[in-house]
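Asker: One structure follows; several queries about it will come next.
Since every read-out is calculated from the coordinates, none of them should be taken as a lab result. Model, not experiment: these values are computed from the prediction. Positions of Cβ are backbone-derived with ideal geometry, glycine not excepted, and every protein chain shown enters the neighbour counts.
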Amino acid sequence: MTLTLEDLHFLTATGPVEASLPSVDAATPITGAHAPGLEIVGAGHRVPLADGSHVEYANLDHAASAPSLQVVKDAVDAVLEQYASVHRGAGFDSQLCTALYEGAREPIRAFVGGRSDDAVLFTRNTTDAFNLLSHCLPDDTTVIVFETEHHATLLPWEKHTVVRLPAPATPQAAVRAVGDACRDARRNGPVLVVVTGASNVTGEIWPIARLAAVAHAHGARIALDAAQLAPHRPFSITDLWVDYVAISGHKVYAPYGAGALIGRADWLAEAPPYLVGGGATSTVEDDRTVWKPLPDRHEAGTPNIPGVVALATACHALLTTDRDALVTAERDLTARLIRGLSDIPGVTVHSLFTGGASVIGVATFTLSSLSSPVVASALSAEYGIGVRDGAFCAQPLVRRLLGAAGCDSVDGTGHAVRASVGLGTTTEHVDRLIAAVTTLATEGPGLRYVTVNGRPQPLRDQRTLPKIVAWQ
């Protein structure tokens, strides 16, 4: 199946978003048991093991970056055939790309359930989106954020007063803590609560609607980091009653370098441009500059047109599929993953909230007998499994989890291992991970590992990186 520019009509249509996906040829293999119509680029490819053999790659690192949807790749390939810079260009290709670029705002707004008057600003990723939002806050704003946040939402607020709340033990405790903090901070000016929708470390879903309600009850606004939530659960700005949402293309199967900030326009419209330069200016004179209104105001420079089309296409594809079926299938896979890991002696699966919480497809664990870097390296070199080890850009949270479980001193690195599922993940991938971790826990690695450039590597390793670009 190959997309043409005509297939991207939903980006330029003036009416409602078309509620159908391009048809899939019946002979096209379904790469994931729970992803009909959402095929993944490169699914089923084989990778080398350290002993020279090859296996199908088990990608269990979706929480870091998800692979591209085939429909997204097809859309980008079609756009590149007629790529040109947007705005002010008289040429046909420039007019086409301008229509696609500006039209992309509506599928993204629809995907997150945005309000009709919400601004949709294109960014590089979620980190960029929150730095943009920080730039636009009134100077006397107090920002309330939990220490459990990803660094993208924990750190951009240095120009403002920051209230950093300790990790809550339960969702109810989180709501109480935000209410108390908002009540105290409101006396000093505007207040913004910043919170994740789903933790990139534990996968736990936060009580966003209740947090928004208590924030608004005290006159505060709330910004939602939906980087992890968006690929796994449908949600709506309107239903959750949040003021701002940030998403990243590389989390929603559109890894082409674009993200978006969606939300209330007033603070964004009143702030000076986030980037200063061409595209953001209305008039430039010797002694003054007049800036354009939203959205151009904060989108200076030549934008990432393929990335924006990719993000809108992924949002459209996910929005117009059976999300309930995807959620059900993912819940089954996640339960299988967490249950299987939890049953292995010496393995601790980490969570923040006591009493349980709904989770997306993420499981972070430690093994008492091996350091997390060795576990991740062995899973790759001996089993063809891709996971992530480290602190996942959430160092305060990981320290808290490991310390609470008594794992920090045992592991010695302050790191954990994270396995995360997504479209294209199969039960075989999950079962292979569980079997591999069981072997590592009971028998240890099958190879000897040494440290090379700060990472464990097999002492004898027959793997070589393929040459895929001319400059390698």
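Asker: So what is the relative contact order of segment 323-458, in percent, for Cα pairs below 8 Å that sit 6 or more residues apart? Please list the in-between numbers first.
Answerer: Working: 179 pairs, mean separation 40.6, N = 136.
Once divided by the residue count of segment 323-458, the mean separation gives 30 percent.
Asker: Next question, about the same structure. Using the Karplus curve 6.51 cos²θ - 1.76 cosθ + 1.60 with θ = phi - 60°, what ³J(HN,Hα) values do you get for each residue of segment 358-370, in whole Hz, with x for Gly and Pro?
Answerer: Result, rounded to whole Hz: 5, 10, 8, x, 10, 9, 10, 9, 10, 10, 5, 9, 9.
Asker: Would you calculate, for the chain, the mean residue ellipticity at 222 nm contributed by helices, counting each DSSP H stretch of 4 or more residues as -39,500 (n - 2.57) and dividing by all residues, to the nearest 500? Please report the intermediate quantities before stating the final value.
Answerer: Values: 16 runs with 162 residues, N = 472.
Calculated at 222 nm, the ellipticity per residue is -10000 deg cm²/dmol.
Asker: Shifting gears a bit: With each label point set 7 Å from Cα along the Cα-Cβ vector, what nm distance links E443 and S282?
Answerer: Simple spin-label model gives 7.1 nm for this pair.
Asker: Considering the dipole of segment 233-307 built from charges on the beta carbon (Lys and Arg +1, Asp and Glu -1) around the Cα centre, which of A280, W291, V242 is farthest to its positive end?
Answerer: V242
Asker: Something else about it: Based on Cβ point charges of +1 for Lys and Arg and -1 for Asp and Glu, what charge dipole magnitude is obtained for segment 115-246 about its Cα centre, in debye rounded to the nearest 20?
Answerer: So the magnitude is around 220 debye.
Asker: So which DSSP H runs in the chain come out at 20 Å plus along the axis (Cα) with average Kyte-Doolittle of at least -0.5? Numbers along the way, then the final one.
Answerer: Working: long enough: 171-185 (21 Å, -0.11); 305-319 (21 Å, 1.87); 323-342 (28 Å, -0.09); 427-442 (22 Å, 0.52).
Qualifying helices, which must be both long enough and hydrophobic enough, are 171-185, 305-319, 323-342, 427-442.
Asker: Dipole of the chain (Lys/Arg Cβ +1, Asp/Glu Cβ -1, origin at the Cα centre): which of V347, Q82, H216 lies farthest to the positive side?
Answerer: V347
Asker: Apply the Karplus curve 6.51 cos²θ - 1.76 cosθ + 1.60, θ = phi - 60°, to the phi angles in segment 192-199 and return the couplings in whole Hz, x for Gly and Pro.
Answerer: 10, 8, 10, 8, 7, x, 8, 5
Asker: What is the local net charge at L465, summed over the other residues whose Cβ is closer than 15 Å to its Cβ (Lys, Arg +1; Asp, Glu -1)? Provide the component values of the computation, followed by the final result.
Answerer: On the way: positive: R46, R455, R463, K467; negative: D461.
Around L465, the surrounding residues sum to +3.
Asker: Fewest Cβ neighbours within 10 Å first, please rank R115, R448 accordingly.
Answerer: Details: R115 15, R448 9.
Listed from fewest to most nearby Cβ atoms, that is R448, R115.
Asker: Right, here's the next one. Is there a quick way to get the dipole size of the chain? I mean about its Cα centre, with the Cβ of Lys and Arg at +1 and of Asp and Glu at -1; what is the value in debye to the nearest 20?
Answerer: Dipole of the chain, to the nearest 20 debye: 1060 debye.
Asker: Per residue, how much space in cubic angstrom lies within the convex hull of the C-alpha atoms of the chain?
Answerer: Details: hull volume 78.0 nm³, N = 472.
Convex hull of Cα atoms, per residue: 165 Å³.
Asker: Sticking with this structure for a sec: Using all C-alpha to C-alpha distances in segment 319-472, build P(r) with 5 Å bins and read off the rounded percent in each one.
Answerer: With 5 Å bins starting at 0, P(r) equals 1, 8, 17, 20, 19, 15, 9, 6, 3, 1, 0.
Asker: Using the basic label-point model (7 angstrom from Cα toward the beta carbon), what is the R88 to R186 distance in nanometres?
Answerer: Spacing of the two 7 Å Cα→Cβ label points: 4.5 nm.
Asker: Exposure proxy check: T153, T170 ranked by fewest other beta carbons within 10 Å? Don't skip to the end; give the middle numbers.
Answerer: Working: T153 27, T170 15.
With the sparsest Cβ surroundings first, the list reads T170, T153.
Asker: Could you list C407, C315 in order of exposure, starting from the residue whose Cβ has the fewest other Cβ atoms within 10 Å?
Answerer: Values: C407 20, C315 28.
Placing the least packed residue first, the sequence is C407, C315.
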